[in-house]
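*Asks:* Handing you a structure now.
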Amino acid sequence: MASSPTPQRMSLVPALEILRDIREDRVVITTMSAARHWPQISHHALDLNYVPSSMGQGTSLAQGIAMASPQQEVIVLNGDGSLLMNLGSLVTICANQVSNITVIVIDNGIYEVTGGQQTAGAMANVDYAAMARAAGFVTVATFEQLTAWQGAATEVLSSPGPRFLLWRVHPRYEDFHLNVPGPIGPRLDRLREALTSC
């Protein structure tokens, strides 16, 4: 099945490039579809390309880092399929009043790195932004067009937290391969060292 950008959805890589250009010294944790592309465009010491054996843990890891370093802004790029695996993390972030975190959910409607299967969320037309509002996120925004994301990115990342951003991107069906980034220990050590110098 061929995929092509539509007026309703933006492409992922250009959206990531905008984030890269304005992220400053924020921690950026990438998982699943974002983890395929972020290491190719960013080599910041505060990057953590997190590809666990189980989906959905990125938001919880980001919350832990944000709670341990309350002066440090943390961004996690999560897939819609991954979020479905750990919906409780949204409530936990808000219950713990973690204000220095931005959860970006990349909604492409498929499990992009496991074969392109449609997610249950896409089948049910789930409104992830409404879920985030109900959980208690202070700032919630949805972006479908690249120009809108580009125009609002700096402001929305500086808005009160916790923040939840939904990126509606067109799915990619051409390639499902995801490179394993190697042992987690050395990557966590590098991030820990970078955090201590912030």
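Bear in mind that the values in this text are calculations on the coordinates, not laboratory data. Small disclaimer: the values here were computed from a predicted structure and weren't measured. Heads up, the Cβs are rebuilt from the backbone with ideal geometry, glycines too, and the neighbour counts pull from every protein chain shown.
*Asks:* What nm distance separates the two modelled labels at R192 and A45, each placed 7 Å from Cα along Cα→Cβ?
*Replies:* 1.6 nm
*Asks:* What percentages, rounded to whole numbers, describe P(r) for segment 47-106 computed over all alpha carbon pairs with 10 Å bin width beginning at zero?
*Replies:* Once binned at 10 Å, the Cα pair distances of segment 47-106 give 24, 59, 17.
*Asks:* Can you give the local net charge around V76? Use residues other than it whose beta-carbon is closer than 12 angstrom to its beta-carbon, Lys and Arg +1, Asp and Glu -1. Before the final figure, lay out each step's value.
*Replies:* Working: positive: R26, R163; negative: D47, E73.
The answer is 0.
*Asks:* Quote the convex hull volume per residue of segment 27-160, based on C-alpha atoms, as a whole number of Å³.
*Replies:* So the per-residue Cα hull volume is 114 Å³.
*Asks:* Using only alpha carbon pairs under 8 Å that are at least six residues apart, calculate the relative contact order of segment 12-196 and give it in whole percent.
*Replies:* It comes to 25 percent, rounded to a whole number.
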